[in-house]
Structures are given as structure tokens and as C-alpha cells.
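Taking it in order: structure first as C-alpha cells, then the write-up.
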Amino acid sequence: MSDALPARFAPGDRVTVRVAYPPGHLRTPFYARGASGTIERLCGAFANPEELAFNRSGLPAQPLYRVRFRQADLWDDYAGPERDTVEIEIYQHWLEAAP
């Protein structure tokens, strides 16, 4: 999309999911908020579905990333192998550079 925001992250970058609880339609899982992971890929730029849900344009388009998390970083009681991961597609406005 020509009206897309520039991508701030690249594969391999460490990011943290913002801790926010705005009202309305959200596309970021609650359990991932505050967790840190690694950008696996940039999926492209798309109209913001959180805005589209309210019949707004969703523009400018937001970069969408696939972020890989260790399952142990998402769930305190995770007892599976250390190497287990989960990937979540998250829009850029929910991500910050990890400290």
C-alpha cells in the first residue's frame, strides 16, 4: 500500500508487546502483552483491523509482523521443552523495541 507506515523492525529484531487495555476491537492476544519475542518476518502492510471494525478507513496501513515467542515467556507455568515456541502476527503499533 502506498499509504503505509514504514516498517520499524526487521527479522531477528527483539521486540516487546505493549501493555495496553484500550476499549474496543483488539487484534493482539491478551496473553502476549508485555512479553518479548523475535521478529520472524514482515508479512506486509494492511489496513488496521482495529479501526476497520468501527467502519473507519484503517489508514495509514500498519506493518504486520510474525513474532516468535518462547512458550515459557508467555506462560509462567509452561512445563514443556525449552525450545517450544509460538508465532503470533502482531501489528506494528503494538510493538516496541525490546530493552
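The values are calculated or read from the model by the stated rules, or taken from the named source; none is laboratory data. This one's a predicted model, so the numbers in the text were calculated from it and none came from an experiment. Using ideal geometry, Cβ is built from the backbone for each residue, glycine included, and neighbour counts are taken over all protein chains shown. These accessible areas exclude ligands, DNA and RNA; they are computed on the full protein's heavy atoms, side chains included. Shrake-Rupley method; radii C 1.70, N 1.55, O 1.52, S 1.80 Å.
Among Glu89, Glu51, Glu40, determine the one that fluctuates most according to a GNM of the chain built with springs between C-alpha atoms less than 10 Å apart.
Among Glu89, Glu51, Glu40, the largest mean-square fluctuation in the Gaussian network model of the chain belongs to Glu51.
With n ≥ 4 as the cut-off for DSSP H runs, can you work out [θ] at 222 nm for the chain, using -39500 (n - 2.57) per run divided by the number of residues, rounded to the nearest 500?
Mean residue ellipticity, 222 nm, calculated: -1000 deg cm²/dmol.
Remind me, relative contact order of the chain in percent, using alpha carbon pairs under 8 angstrom and six or more residues apart? Before the final figure, lay out the partial values.
Numbers: 192 pairs, mean separation 32.0, N = 99.
Reported relative contact order: 32 percent.
I'd like to know how the chain sits against the 2.2 N^0.38 Å rule of thumb: what's its Cα Rg over that expected value?
Cα-based Rg divided by the globular estimate yields 1.11.
Got a sec? Which residues in segment 17-37 would a label at Phe46 touch, if it sits 7 Å along Cα→Cβ and we count backbone N under 17 Å?
In segment 17-37, the label zone of Phe46 (backbone N under 17 Å from the point 7 Å along Cα→Cβ) covers 25-30.
In nm, to one decimal, how far is the modelled label at Leu26 from the one at Ala98, with both set 7 Å along Cα→Cβ?
2.1 nm
Quick one: among Pro60, Pro23, Pro49, which has the greatest mean-square fluctuation in a GNM of the chain with alpha-carbon springs under 10 angstrom?
Maximum among the listed residues: Pro23.
Could you please state how large a percent of the accessible area of the chain is carbon and sulfur, counting protein chains only and using a 1.4 Å probe?
Result for the chain: 51 percent of the exposed heavy-atom area is carbon or sulfur.
In Å², what does the accessible area per residue of segment 1-59 work out to with a 1.4 Å probe?
Ligands and nucleic acids excluded, the result is 62 Å² per residue.
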